[in-house]
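J.: Mind looking over this structure? Questions follow.
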Amino acid sequence: MRIPAILVACVLGVMTWKALDAKKAALASGSSDIQNLAHSLAEHASHTIQAVDIAMAGMVDLLKYRDPEPQRFNKYLAETAKTLPQLRGIGVADASGNWTYSSLPEIPRHTISDRSYFVYHRDTPDNAIRISELIQSRVDDRSSMIVLSKRITKLDGSFGGVVASAIDKDYFSGFYRK
């Protein structure tokens, strides 16, 4: 009678050990999958911003040396916004915060001189991209957006305005939902 009880205890012990080992392996695999997913999402966000940064850097260089003809440059901005699916729009504001160029059908008439990204670039003479907090558009009532911006520094070192690109927060939400 003792042998079957010992046998049952051994079988239960082996089954428990195997179950705990399987749980440990599943948790390790799940953790690895989550780390890979987090890395992929971070890479996507980085590439999204990097593509816009590269496009804006070329514009900043051009605007440093000259004032392009508005109709042609607005068309170029519109084509750039179409090429980069993450962009809602892209525009250029002068040193006073007034829009001078835009990818939109009409140049916005409001000022951005009070926006934190504009104030940062006006007061900070570097060429780094600035990523804003979520802000509400003044052009339309669509969802909140993130603004990526770069300072325009004139040849004499003075502040010449900003190039600003808007990305809908829904762009990231939609991608991450998938």
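J.: Starting from the Cα-Cα distance between residue 57 and residue 111, subtract it from 0.36 nm times their residue separation and give me the gain in nm to one decimal.
T.: Numbers: separation 54, 0.36 × 54 = 19.44 nm, distance 2.23 nm.
Extra length from residue 57 to residue 111 when fully extended: 17.2 nm.
J.: While we're looking at this one, here's another question. Ordered by packing density, taken as the mean number of other Cβ atoms within 10 Å over each peptide's residues, highest first, how do 117-123, 13-19 rank?
T.: Details: 117-123: 18.1, 13-19: 10.0.
Going from most to least packed, we get 117-123, 13-19.
J.: What nm distance separates the two modelled labels at residue 25 and residue 6, each placed 7 Å from Cα along Cα→Cβ?
T.: Distance between label points: 3.0 nm.
J.: While we're on this one: Taking Cα atoms, how many degrees apart are the long axis of helix 2-65 and the longest axis of the chain, rounded to 10 and kept between 0 and 90?
T.: That helix lies at roughly 10 degrees to the long axis.
J.: Keeping all protein chains in place and using 1.4 angstrom, which order do 84, 62, 148 fall into by accessible surface area, from largest down? Don't skip to the answer; put the middle values down first.
T.: On the way: 84 25, 62 60, 148 0 Å².
Result, largest first: 62, 84, 148.
J.: Just from its helices, what would the mean residue ellipticity at 222 nm be for the chain, if runs of 4 or more DSSP H residues each count -39500 (n - 2.57) and the sum is divided by every residue, rounded to the nearest 500 deg cm²/dmol? Kindly include the intermediate steps, with their values, before the conclusion.
T.: Working: 4 runs with 95 residues, N = 178.
After summing the helix terms and dividing by residue count, I get -19000 deg cm²/dmol.
J.: Separate question: Can you give the extra length, in nm with one decimal, that the chain gains between residue 98 and residue 143 once fully stretched, where that is 0.36 nm per residue apart less the Cα-Cα distance? Walk me through the numbers before you get to the answer.
T.: On the way: separation 45, 0.36 × 45 = 16.20 nm, distance 2.26 nm.
Result: 13.9 nm gained on full extension.
J.: Take residue 170 and residue 15, extend 7 Å from each Cα along the Cα→Cβ direction, and tell me the distance between the two endpoints in nm.
T.: Each label point is offset 7 Å from its Cα along the Cβ direction, giving 5.4 nm.
The values are calculated or read from the model by the stated rules, or taken from the named source; none is laboratory data. Since we're looking at a predicted model, the values are computed, not measured. Cβ: placed from backbone, ideal geometry, glycine included. Neighbour counts: every protein chain shown. All accessible areas refer to the heavy atoms of the entire protein, side chains included, with ligands and DNA or RNA removed. Shrake-Rupley method; radii C 1.70, N 1.55, O 1.52, S 1.80 Å.
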